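A short write-up of the structure that comes next.
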Amino acid sequence: MAWRGNLFITLTLSTLLAGCGDHPAEQQWQSYHQQLANDLDQTGIERAAPMNIGDFPERSARLINIPETRDSMLNIYALRECQITSLIAARNNQLGRVAPPSQQWLYERTLWQRLNTCWNSDVPEKLSDEDRMRLQQLTATKTAQLPAVSWNAIFDSSEWVKSFARASQPLANVDENAIANQLEAINYLQQMTDHQFDLDWQQDSSALENHLKTLQEQPLTAEVLRALLLATQRLTEANALLAQQKDATHCLRRGEPQSLERLANTAQQWLTAINRLIDAQPVDKPIAIQRYQARWLSLENAQAPWGQFQQALTEHHALRARFPTCSDN
């Protein structure tokens with residue numbers, strides 16, 4: 001019985017390892033490695049599994065603490081001409097308390113708009129000194145909190161978090177339409193962030209939810225990062241073989257994986273958009289997010305996936321340039 005158990009484990013591990021090669025991105029690298037080995041009269045290229053991306057920070061580590069604003073409904077009713085009583089009542093009812101982060105974001109921005117508009121109208125002149133001071137303080141508080149509210153709305157949304165899921169595959173075939181839709185979704189979040197203090201910019205609840213739904217359809221951030229890690233690993237392995245050849249007596253056929261250029265363009269475009277959105281809020285970013293951004297998302301850090309990929313690709317081009325290109329005949 002023990003022998004059968006060991007056989008089962010061996011077969012299971014073999015199946016898992018074989019399954020890794022079934023991924024389209026991995027198949028392209030297998031073909032390219034075999035091509036290089038054949039051109040150089042080598043038996044093959046030693047390969048290892050690429051690393052995975054790091055865990056996205058836990059909820060408590062990625063959100064900004066915002067003190068709760070409390071006041072009696074009687075005091076809020078005194079500010080009824082500011083048109084905030086029904087809004088606050090809706091936020092405090094059973095449905096409002098369990099609203100998703102995106103809807104809380106819309107609520108907080110609407111509340112700020114009404115308070116700001118009210119404070120800059122003739123309403124304060126009609127209020128008692130106490131109520132006028134309350135309106136001023138409430139407006140100032142909500143103005144100061146809005147960037148943090150916007151930050152939390154994004155970083156607390158399941159759609160955003162799923163974009164960084166480690167349980168993902170490397171990006172294989174670049175679907176231009178899918179990428180464009182995801183970039184459009186990020187762009188809308190960017191617009192909401194950039195225009196959060198713009199009274200003339202009107203938010204759209206259905207548009208926000210549709211864009212978040214688009215982000216949920218594909219963990220693109222994780223797929224891009226894992227594709228970069230895979231490409232870096234396979235390029236490094238190919239570079240090791242090329243570097244071992246002390247003389248360039250062999251020619252190399254053309255044929256780097258066609259997906260390399262598309263991956264580079266997509267990764268740079270996507271990481272630029274993600275970093276721009278993260279950096280847009282005028283807040284002190286949580287330390288955990290700063291570290292994650294620098295380690296995994298940065299376009300400047302040489303040790304981040306993008307920097308490592310660029311270094312491995314540059315080295316690969318230099319090593320290939322030592323060899324003549326095989327004639328097509």
Taking only Cα atoms of the stretch 41-86, radius of gyration then Dmax in Å:
28.2, 86
Might you tell me the accessible area per residue for the chain, computed with a 1.4 Å probe and given in Å²?
55
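Which percent of the accessible area of the chain is formed by carbon and sulfur heavy atoms (probe 1.4 angstrom)?
Exposed carbon and sulfur together represent 50 percent of the surface.
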If I stretch the segment between Asn187 and Glu261 completely, what's the gain in nm (0.36 nm per residue apart, minus their alpha carbon distance), one decimal?
24.3 nm
Choice from Ala280, Ala185, Ala227 with maximal GNM fluctuation in the chain (Cα, 10 Å cutoff)
Ala280
Show me the trypsin sites (Lys or Arg not before Pro) within the stretch 282-324 that DSSP assigns to loop and that have at most 14 other Cβ atoms within 10 Å of their Cβ.
Arg322
Where does the Debye-calculated log10 I(q)/I(0) of the stretch 169-318 sit at q = 0.15, 0.21 Å⁻¹, using only Cα point scatterers of equal weight, no solvent?
-0.86, -1.35
Relative contact order (%) - criterion: Cα under 8 Å, at least six apart; region: the stretch 67-156
34
By how many nm would the segment from Arg291 to Asp71 grow when fully extended, if each residue of separation counts as 0.36 nm and the alpha-carbon distance is taken off?
75.5 nm
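Rg(Cα) of the chain divided by 2.2 N^0.38 Å?
For the chain, the normalised Cα radius of gyration is 1.36.
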Could you work out how much longer the chain between Val98 and Glu217 gets when fully extended? Use 0.36 nm per residue separation minus the Cα distance between them, nm to one decimal.
40.5 nm
Longest the chain segment clear of GluC sites (Glu not before Pro) sitting in DSSP loops (not H, G, I, E or B) with at most 14 other Cβ atoms within 10 Å runs 69-216
DSSP loop chymotrypsin sites (Phe, Trp or Tyr not before Pro) with at most 15 other Cβ within 10 Å: longest gap in the chain
1-196
Enumerate by residue number the trypsin sites (Lys or Arg not before Pro) in the stretch 202-271 meeting two conditions: DSSP loop (anything except H, G, I, E, B), and at most 16 other Cβ atoms within 10 Å of the site's Cβ.
Lys246, Arg253, Arg254
Relative contact order for the chain, counting Cα pairs under 8 Å that sit 6 or more residues apart, in percent:
25
Trypsin sites (Lys or Arg not before Pro) within the stretch 37-98, DSSP loop, no more than 12 other Cβ atoms inside 10 Å
Arg70
Please enumerate, by chain and number, the lysines with C-alpha under 25 Å from the C-alpha of Lys162, excluding those fewer than 8 residues away in the same chain.
Lys213, Lys285
Points 7 angstrom from Cα along the Cβ direction at Asp247 and Glu125: gap in nanometres?
9.6
Zone residues, the stretch 248-273, relative to Gln42, backbone N less than 19 Å from point 7 Å out along Cα-to-Cβ:
248-257
Taking every alpha carbon pair in the stretch 67-156, what does the distance histogram look like in 10 angstrom bins from 0, in percent?
16, 51, 28, 6, 0
What FRET efficiency comes out for Gln83 versus Asp194 if R0 is 22 angstrom and r is the Cβ-Cβ distance? Round to the nearest 0.05.
0.30
Given a Förster distance of 41 angstrom, what is the FRET efficiency for Ser31 paired with Trp201, based on the Cβ-Cβ distance and rounded to 0.05?
0.25
Name the most mobile residue of Ala178, Ala90, Ala148, meaning the one with the largest mean-square fluctuation, in a Gaussian network model of the chain with Cα contacts below 10 Å.
Ala90
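The values are calculated or read from the model by the stated rules, or taken from the named source; none is laboratory data. Note that the structure is predicted; figures quoted are calculated from it, not measured. Backbone-built Cβ (ideal geometry, glycine too); neighbour counts: all protein chains shown. Remember, those area values only see protein heavy atoms, side chains included, never the ligands or the DNA or RNA. Shrake-Rupley method; radii C 1.70, N 1.55, O 1.52, S 1.80 Å.
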